[in-house]
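Here's the structure, in structure tokens; my notes come after.
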Amino acid sequence: MADRPLRRFRPLIALAVAFGILAIALPGLAGTPYPQTTLEPHSEVARLIDRLLDDIVFWCVVIFVLVEGALVITVVRFRRRPGGPPPRAIHGNTPLEIMWTIIPAIILALIAVPTVKTIFRIQAVPKNALEVEVVGHQWWWEFRYPKLGIVTANELYVPAGRDIAFTLTSVDVIHSFWVPAFGGKRDVIPGRTNHMWFNAGATGVFPGQCTEYCGASHANMLFKVVAQPQADFDAWAAEQKAPVAPPDTLTLAARGLELYRGGLCVACHTIDGISYGTVGPNLNKVATRSTIAAGIYPNDPEHLRAWIKNAPARKPGSLMPYMNLSNPDVEALAAFLETRR
Ligand code: CUA
């Protein structure tokens, strides 16, 4: 009989233990290497959002402790005791009801004010920002730098510290552009132009990805942001603009160029002076990229050849078809693409 009251509180004890474990585990998780964490902001925009989250979580914890504390005290103190009197019936309590209507209204107002302020702050695109157009495709990202005359794919180079103003749209379905470290997340919608901005507060390589389900390879629609010092960014931009010499005649790459010109490639891809397709990624400087297939494979000889050979087998739903190319043709095409640097 002695253990009965304890048994009654078992669910409460379990809940307390669960919250205890969470409270110990969460701060630990924040410091661990999860590249897609939003808890380590690296831009002003991300910091504003993170601060808002911190404030709201803090006040939610305070409210949670007060409410749950009152509940636990009530449950324990006023529990039914054997032989005790039946509980007193209460029908309405006007001051209490007014109080528990007004208090949540005040709390919501206190949350709304900083939230709306933050929304206005992060919506205001700074002047003199570097313009980048983001175009979502199934399933890859096109990045255009209109002022610099550069078009690239899946690797977004930015000068660290500089404000970047994005205009975002899509050519097919709704995607969503997201770089966790830099905050924000903007839907990329066909027939509509959205805007966002951030500045990379640190140099490094930061992962990004599509966060709106967009079809078979939604999960394979990755990209990365390469944030560099201004001088390195300028060097990258100059490299992207530099003309590429055609391959020497009678080389494997020259044979690849002929195949490229005469094949299906030209319908979808752009290479300066050779083809003007826009369905697939611009390949003008494809050899300067570190990944292919929207960030899912390294851009090395083995993966490049496997991709040309049979893209749909490497990425479900890929719009680049299986073209039944012979191995020597794949070799030649890859050799040609490797000259595009
Ligand atoms: Cu694009 Cu999901």
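The values are calculated or read from the model by the stated rules, or taken from the named source; none is laboratory data. For clarity, every value in this text was computed on a predicted model and none was experimentally measured. Using ideal geometry, Cβ is built from the backbone for each residue, glycine included, and neighbour counts are taken over all protein chains shown.
Being more than 16 Å from the ligand (Cβ to nearest atom), of a type outside the set (Asp, Glu), assigned to a helix (DSSP H, G or I) and more than 22 Å from the chain's Cα centre (by Cα) is a property that does not hold for ALA89.
Looking at the stretch 142-206, the strands (runs of 3 or more DSSP E) lying wholly inside it that each contain 2 or more residues that are in contact with a helix residue (DSSP H, G or I) (Cβ under 8 Å, 6 or more places away or on another chain) sit at 150-153, 155-159, 183-188, 194-199.
The residue of the stretch 212-231 that is farthest from the ligand (Cβ to nearest atom), among those that are touching a Leu at 6+ places or on another chain (Cβ under 8 Å) and of a type outside the set (Val, Ile, Thr), is LYS224. Of the residues ALA219, ALA237, ALA294, ALA231, the single one that is in a helix (DSSP H, G or I), touching a residue at least 12 places away in the same chain (Cβ under 8 Å) and closer than 29 Å to SER43 by Cα is ALA237. Scan the stretch 135-185 residue by residue and report those that are under 13 Å from the mean Cα position of the chain (by Cα) and β-branched (Val, Ile, Thr). The one that is under 13 Å from the mean Cα position of the chain (by Cα) and β-branched (Val, Ile, Thr): VAL179. Assess whether LYS309 counts as being of a type in the set (Lys, Arg), within 28 Å of SER170 (Cβ to Cβ) and touching a helix residue (DSSP H, G or I) at 6+ places or on another chain (Cβ under 6 Å). For LYS309, the condition - of a type in the set (Lys, Arg), within 28 Å of SER170 (Cβ to Cβ) and touching a helix residue (DSSP H, G or I) at 6+ places or on another chain (Cβ under 6 Å) - is not met.
Yes or no: LEU257 at pLDDT below 95 and among the aliphatic types (A, V, I, L, M)? So LEU257 fails the test.
Hey, VAL205 hits all of (1) closer than 20 Å to LEU39 by Cα; (2) surrounded by 15 or more Cβ atoms within 10 Å (Cβ to Cβ) but one; which does it fall short on? So VAL205 meets the others, but not (2).
Residue count for the stretch 236-254, restricted to those that are surrounded by 13 or more Cβ atoms within 10 Å (Cβ to Cβ), under 16 Å from ARG341 (Cα atoms) and hydrophobic (A, V, I, L, M, F, W, C): 5.
Let's see how each residue does on (1) away from the ligand (no atom under 11 Å from the Cβ); (2) surrounded by fewer than 19 Cβ atoms within 10 Å (Cβ to Cβ):
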residue: GLY161; (1), (2): yes, yes
residue: HIS175; (1), (2): no, no
residue: PRO180; (1), (2): yes, no
residue: ASN194; (1), (2): yes, yes
residue: CYS210; (1), (2): no, no
